[in-house]
Amino acid sequence: MHHRPALVAVMCSIVWMLSPRMTAAPPPQAANPPLYNAAKQKILQGKTVIGGTVSSPDPNIYCAMASAGFDYTWIEMQHSPLTYSDVAKMIWACKDAPATPMIRVPDATESDIQKATDIGALGIIVPTVDTVEKAQAAVKWSKYPPVGRRSLGAGQYGALYGQNYRDTANDNMLVVVMIETPIGVKVADQIAAVPGVDVVFAASTDLGNFSGFHQGEPGYESLVTRIKDETLGHGRRLGGPLAWKDRPGFTFLQGPGETVLIKAGAQTTIK
């Protein structure tokens, strides 16, 4: 009988080894990450959004534009001398403004898009997208893995959007690609089909610049129509200048810059 406790212990050990192990449950995942990008919220709801264009490095001018009633700010870094240091200060100076900060970067490079997103842009606008590869690059460098290849570095984004920014950034980033040439128009269907692209923008001025057609001419209008049909056909939103607000299908609109608005405001005041 004195061997019985030992036998029981051995049997318990065997049962423990043969039984399935209890493992810790994985941490719960957020089913619906919060959308703090108000412009993207409206885009997803099918509403029209309008942005004001900013080329000045003056934070006061930026804050005036970001608080003027626009849905987003189109921060112009392709055709302006703005630096990323300038824009970081502008976004921070008016971090609580209702307009979503978006940057038109010079190109779809890792360097340009990484800096733009790190300083707090919630939208990336990529010019002169002529190929599927460039549209894919716009998404790749704008989004964190597993969707893209954005690096996790330092930036003021955490102070702007919260410590869980890494988990919410992909859902809040708005990716806009601009078709500006007949070359891009030829592959508009493939560009619009790229996963992660939210908006395809028909660049009104450069479509004429690169094609030689003038707005209103059949050749010009056929380019716009093809961009429109392919974009909407793939379920993307269609972008263009504010002057096209009455054209069917255009819901992402670029408004004028600060110099035009100051002049218009002054004339209204004087009158």
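Values quoted throughout were computed directly from the atomic coordinates according to the rules given, and no laboratory measurement underlies them. Here the structure is a predicted model, which means the values were calculated and not measured. Because the Cβ atoms are built from the backbone with ideal geometry, glycine has one as well, and the counts that use them run over all protein chains shown.
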**Asked** Could we say that Ile227 is in contact with a helix residue (DSSP H, G or I) (Cβ under 7 Å, 6 or more places away or on another chain), assigned to a helix (DSSP H, G or I) and of a type in the set (Val, Ile, Thr) here?
**Response** yes
**Message:** Can you tell me which condition Gly240 does not meet? The list is (1) in a helix (DSSP H, G or I); (2) touching a Ser or Thr at 6+ places or on another chain (Cβ under 8 Å); (3) within 25 Å of Val54 (Cβ to Cβ), and all the others hold.
**Reply:** (1)
**Prompt:** under 22 Å from Val87 (Cβ atoms) and not small (Gly, Ala, Ser), is that true of Asp112?
**Reply:** yes
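Using the structure shown, decide if Val194 is of a type in the set (A, V, I, L, M, F, W, C), in contact (Cβ under 8 Å) with a residue 60 or more places away in the chain and buried (at least 16 other Cβ atoms within 10 Å of the Cβ). Break it down into steps so the answer makes sense when it comes.
Values: of a type in the set (A, V, I, L, M, F, W, C): yes; in contact (Cβ under 8 Å) with a residue 60 or more places away in the chain: yes; buried (at least 16 other Cβ atoms within 10 Å of the Cβ): yes.
For Val194, the condition - of a type in the set (A, V, I, L, M, F, W, C), in contact (Cβ under 8 Å) with a residue 60 or more places away in the chain and buried (at least 16 other Cβ atoms within 10 Å of the Cβ) - is met.
Hey, can you tell me all the residues within segment 151-189 that are in a loop (DSSP other than H, G, I, E, B), more than 13 Å from the chain's Cα centre (by Cα) and farther than 17 Å from Glu230 by Cβ? Break it down stepwise before answering.
Within segment 151-189, the first condition is being in a loop (DSSP other than H, G, I, E, B), and the residues that meet it are 151-156, 162-164, 173, 180-181, 187.
Add one more test, that the residue is more than 13 Å from the chain's Cα centre (by Cα), and what stays is 151-156, 162-164, 180-181, 187.
Ser151, Leu152, Gly153, Ala154, Gly155, Gln156, Gly162, Gln163, Asn164, listed by residue number.
Mind telling me which of the residues Gly155, Gly148 ends up being touching an Asp or Glu at 6+ places or on another chain (Cβ under 7 Å) and small (Gly, Ala, Ser)?
Working: Gly148 fails: touching an Asp or Glu at 6+ places or on another chain (Cβ under 7 Å).
Just one listed residue meets the conditions, Gly155.
Does Arg149 qualify as being within 18 Å of Val105 (Cβ to Cβ), surrounded by fewer than 18 Cβ atoms within 10 Å (Cβ to Cβ), without any contact (Cβ under 8 Å) to a residue 60 or more places away in the chain and out of contact with any Leu (no Cβ under 6 Å at 6 or more places or on another chain)? Show your work before the answer.
Details: within 18 Å of Val105 (Cβ to Cβ): yes; surrounded by fewer than 18 Cβ atoms within 10 Å (Cβ to Cβ): yes; without any contact (Cβ under 8 Å) to a residue 60 or more places away in the chain: yes; out of contact with any Leu (no Cβ under 6 Å at 6 or more places or on another chain): yes.
Against the criterion (within 18 Å of Val105 (Cβ to Cβ), surrounded by fewer than 18 Cβ atoms within 10 Å (Cβ to Cβ), without any contact (Cβ under 8 Å) to a residue 60 or more places away in the chain and out of contact with any Leu (no Cβ under 6 Å at 6 or more places or on another chain)), Arg149 qualifies.
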**Residues within segment 226-271 that are of a type in the set (Ser, Thr, Tyr) and surrounded by fewer than 13 Cβ atoms within 10 Å (Cβ to Cβ), tallied** = 3
